[in-house]
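The block underneath contains the structure these notes are about, expressed in structure tokens.
The values are calculated or read from the model by the stated rules, or taken from the named source; none is laboratory data. Treat the numbers as computed from the prediction; the structure is a model and nothing was measured. Because the Cβ atoms are built from the backbone with ideal geometry, glycine has one as well, and the counts that use them run over all protein chains shown. Ligands, DNA and RNA are stripped out before the accessible areas are found, and what is left, the full protein with its side chains, is counted by its heavy atoms. Shrake-Rupley method; radii C 1.70, N 1.55, O 1.52, S 1.80 Å.
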Amino acid sequence: MLASLSMARLEEVPLEVLRQRESKWLDMLNNWDKWMAKKHKKIRLRCQKGIPPSLRGRAWQYLSGGKVKLQQNPGKFDELDMSPGDPKWLDVIERDLHRQFPFHEMFVSRGGHGQQDLFRVLKAYTLYRPEEGYCQAQAPIAAVLLMHMPAEQAFWCLVQICEKYLPGYYSEKLEAIQLDGEILFSLLQKVSPVAHKHLSQQKIDPLLYMTEWFMCAFARTLPWSSVLRVWDMFFCEGVKIIFRVGLVLLKHALGSPEKLKACQGQYETIEQLRSLSPKIMQEAFLVQEVVELPVTERQIEREHLIQLRRWQETRGELQCHSPPRLHGAKAILEAEPCPWPTLQPSPSIRLPPDAPLPGSKGKVKPPKQIQKAQKEQQKQAKARGQLDEPPTLSQAKAVAAAGDARPPQDMPPKDPDHQDSAPQDSAPQDSAHHRSRESLTSQESEDTYL
């Protein structure tokens, strides 16, 4: 049933529309800093519509800041990959590998490249953050990432999720998830008073139903097509999307007297939330409800301060001091700006300076510098009484270029054989160390995913 609903939704997007979306996303990804600086709202709207499958992995890396993190730490993943790791975490990780999407072709076989890469990513994180180690909820997160990108890129996206999007979620005491459970319950009072009253009367702790939802970002709850759409918005807008999805599910599962007739006790209520109706999880319905739900970052942060104060009054100070949560791609970019200029693709067709562009009408208007040079030359000729005819465009260019004839000292000489070549991807290459024969190389994986 869920598969048919997902496929029906996927088939609703005509091929021509999909190709147009791919073209728009390629333009955004090739000019990412400009789009983030000036047209972030447009990026958000396009994430809400859904990222094209062929570009989803690349878009997630850009949105999360994982690509920047990778370029700031060249060779770091290979270094962690070659390290032996802590035996206490390795055994737990090994036992969890076969539980992650066991029917997916990447993870179906024990010892296959999917399970090997999942082991590498999770082990690397325990070495990168030894104070946190490994949490079982990280495995499905890493598995979803590996379905869309190579191991090294998946590792840095996992780092961003754990440190920027959901800080403290995977620490030993799970204090951050407990606080967010109280925040979710408080927000539910405004979104669905009926559901809030029922859960209060039944004295059901939010941790009983929201822990897996939030810690796994609904990867183990929703149909696959809905998971991908939720993650598209989550990477762009941050944790408020997770809160909104949780509130929508609670509202439609427990938000009416008719639905509560089957939930007379704690057990029946928990079962209702564990076996949600396919209708409320269906991609189109869920996304529309999430987009329209008026829950903002400001509301979440205000409620966070209230719950944190209550926690300190009743339980004392938090034992895990997590970094502040960043609400989505724009906040992450502003907190950690890209330190290098964006590579600009060189044009594949070069025209003479005075030639009209294809599709343009009439002659090309000379650049301001050339016009200025023309006027200057005319003035000089008038002063000498030698103005017989206006200077040609090529003469004006020569005058304009005269002051710039000397090349800048810090510019490297151009190789004439490579003047028109497109800029190469600056991502560091995968090390040959500690790689299984079945595991894809970084370059092969890029070709496969992108």
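Of all residues in the range 105-129, those being in a helix (DSSP H, G or I) and either over 19 Å from D78 (Cα atoms) or of a type in the set (S, T, N, Q) (or both) number 3. Considering V364, V290, V295, the condition of being more than 23 Å from L208 (Cα to Cα) and either modelled with pLDDT of 60 or more or not charged (D, E, K, R) (or both) is satisfied by V364 alone. I need the full set of residues from the range 97-128 which are closer than 13 Å to Q138 by Cα and either β-branched (V, I, T) or surrounded by fewer than 20 Cβ atoms within 10 Å (Cβ to Cβ) (or both), in order please. R99, V121, T126 - these are the residues of the range 97-128 that are closer than 13 Å to Q138 by Cα and either β-branched (V, I, T) or surrounded by fewer than 20 Cβ atoms within 10 Å (Cβ to Cβ) (or both). Would you mention how many residues in the range 136-147 are out of contact with any Cys (no Cβ under 9 Å at 6 or more places or on another chain) and outside any helix (DSSP H, G or I)? Within the range 136-147, residues that are out of contact with any Cys (no Cβ under 9 Å at 6 or more places or on another chain) and outside any helix (DSSP H, G or I) number 2. Taken over the range 192-209, the criterion of being surrounded by fewer than 19 Cβ atoms within 10 Å (Cβ to Cβ) and touching a Cys at 6+ places or on another chain (Cβ under 9 Å) is satisfied by Q202 alone. Can F155 be described as within 16 Å of F77 (Cβ to Cβ) and surrounded by fewer than 22 Cβ atoms within 10 Å (Cβ to Cβ)? Taking the combined requirement at face value, the residue does not satisfy it.
Residues checked against (1) assigned to a loop (DSSP other than H, G, I, E, B); (2) in contact (Cβ under 8 Å) with a residue 24 or more places away in the chain:
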position: Q153; (1), (2): no, yes
position: L158; (1), (2): no, yes
position: E163; (1), (2): no, yes
position: Y170; (1), (2): yes, yes
position: K173; (1), (2): yes, yes
position: S186; (1), (2): no, yes
position: K190; (1), (2): no, no
position: A195; (1), (2): no, yes
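Scanning the range 210-239 for residues that are hydroxyl-bearing (S, T, Y) and open to solvent by 10 Å² or more (accessible area, probe 1.4 Å) yields T211, T221, S225.
Of the residues making up the range 197-215, those that are in contact (Cβ under 8 Å) with a residue 12 or more places away in the chain and farther than 14 Å from G181 by Cα are H198, Q202.
Of all the numbered requirements in (1) modelled with pLDDT of 95 or more; (2) over 30 Å from L55 (Cβ atoms); (3) charged (D, E, K, R), E237 misses one, and that requirement is (2). Applying the set (1) under 23 Å from R44 (Cβ atoms); (2) within 18 Å of the chain's Cα centre (by Cα); (3) among the aliphatic types (A, V, I, L, M) to M215 leaves exactly one unmet item: (1).
Taking the conditions exactly as written (open to solvent by 10 Å² or more (accessible area, probe 1.4 Å) and either in a helix (DSSP H, G or I) or not assigned by the TED database to the domain that holds V92 (or both)), does E132 satisfy them or not? When the stated conditions are applied, E132 does not pass them. Considering Q189, Q160, the condition of being open to solvent by 30 Å² or more (accessible area, probe 1.4 Å) and on the phi < 0 side of the Ramachandran plot is satisfied by Q189 alone.
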